[in-house]
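As structure tokens, the structure follows; a few thoughts come after it.
The values are calculated or read from the model by the stated rules, or taken from the named source; none is laboratory data. As the structure is a computational prediction, the values presented were derived from the model and not from experiment. Please note: Cβ atoms are built from the backbone with ideal geometry, for glycine as well, and neighbour counts cover all protein chains shown.
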Amino acid sequence: MASVIDGKVVAADVVAKVKAEADKLIAETGVVPGIAVVIVGHDPASQVYVASKGKKAKECGFNSIEHALPAETSEEELVAVVEKLNADPAIHGILVQLPLPGHIDSGRIIQTIAPEKDVDGFHFINVGKLGTGELDTAFVPCTPAGSMLLIERALGRDLSGLSAVVVGRSNIVGKPMANLLLNANATVTIAHSRTKDLPGLCRSADILVAAVGRPEMIKGDWVKPGATVIDVGINRLPADANGKARLVGDVAYDEAATNAGSITPVPGGVGPMTIALLMANTVISASRAAGRALSLGDS
Ligand SMILES: Nc1nc(=O)c2c([nH]1)NC[C@@H]1CN(c3ccc(C(=O)N[C@@H](CCC(=O)O)C(=O)O)cc3)C=[N+]21
């Protein structure tokens, strides 16, 4: 039976370190880390995430501002909001909540964010730095960076000789996750909907990362005995007969836990890490703005 990797505990650890760094930065330089979250429209799930980011930012001693814009906001208006935040010296991190309404080109918005304030790590500059291994100055996307910390807790920092399979090829999770695993010396395969014999490939993985957005798609017998399983999926299932909505991952947890060596639950796994790493990226950005190098690499 797998041991459960408790993302809430590891995230609390990261947040405590972030808060300590923020306190020190404020005391020694007067710079207060500032984060701006921009949300367009009113998707209820998005609003929940935005609220928890604001709450966590306050917990860390940051200034946190939120721009809630109407669904009809034009692309030009949103560009103007981002440019204003780019120019605001009190803001060190900018996050534009995705997905954006269909009439807005999200690629253009992401590339408008100043790379040094791009705490999501989605700008080409940060993607390129991760791809070329410039991890000292890159902002790494929060979900894969948080997943990587969980993998480190289970297996250590050097993944030499281990095979990793990442299921999902998104720019937000799959691709940056694969790059991080490669940087840690794992042998990495990215799988997706066109992959032949996905169950067989997954069964070969010492480290299996599921980031497909399909509820419980990865079955128990796809998991190699002893493997480390990281479930990035957060799928909200409709209310059952008892009227209770259920949150499930991309992995059939109960089955997978019988084979895995360690596994992340949903909720309480990768999700809390995403928010913690957003705070970490923001204090790193604020430190750089104050002329200090900061790495939370020992988290
Ligand atoms: N620019 C941008 N950056 C993001 O990082 C981003 C985004 N857009 N759009 C939406 C997704 C989603 N996301 C989550 C963060 C934390 C939890 C989280 O903490 N989840 C809890 C449970 C939450 C619940 O109960 O609903 C958990 O897994 O334990 C979930 C989802 C960040 N996202």
### Task
Please verify whether the stretch 277-294 includes one or more residues that are surrounded by fewer than 18 Cβ atoms within 10 Å (Cβ to Cβ), in contact with a Lys or Arg (Cβ under 9 Å, 6 or more places away or on another chain) and within 24 Å of residue 156 (Cα to Cα).
yes
## Note on the structure
Residue count, the stretch 259-274, condition closer than 17 Å to residue 53 by Cα and buried (at least 22 other Cβ atoms within 10 Å of the Cβ), comes to 6
## Note on the structure
Residue set 139, 122; condition within 16 Å of the ligand (Cβ to nearest atom), in contact with a Pro (Cβ under 7 Å, 6 or more places away or on another chain) and part of a loop (DSSP other than H, G, I, E, B); output residue 122
### Residues located in the stretch 264-299, provided they are assigned to a helix (DSSP H, G or I), β-branched (Val, Ile, Thr) and over 15 Å from residue 144 (Cα atoms)
282, 283, 284
### Query
Does residue 264 satisfy the condition of being closer than 30 Å to residue 63 by Cα, polar (S, T, N, Q), in contact (Cβ under 8 Å) with a residue 60 or more places away in the chain and within 16 Å of the ligand (Cβ to nearest atom)?
no
### Message
Scan the stretch 267-288 and tell me whether some residue there is without any contact (Cβ under 8 Å) to a residue 40 or more places away in the chain and over 18 Å from the mean Cα position of the chain (by Cα).
### Response
no
### Task
Report yes if residue 281 is more than 15 Å from the ligand (Cβ to nearest atom) and outside the structural domain of residue 59 (by TED's automatic domain parsing), otherwise no.
no
### Message
On the basis of being away from the ligand (no atom under 16 Å from the Cβ), touching a Ser or Thr at 6+ places or on another chain (Cβ under 8 Å) and of a type outside the set (Asp, Glu), does residue 219 make the cut?
### Response
no
### Query
If the Cβ limit is 8 Å and pairs must be 6+ apart or interchain, which residue in the stretch 82-97 that is closer than 15 Å to residue 121 by Cα pairs with which residue that is more than 16 Å from the ligand (Cβ to nearest atom) and in a loop (DSSP other than H, G, I, E, B)?
92/33; 93/33
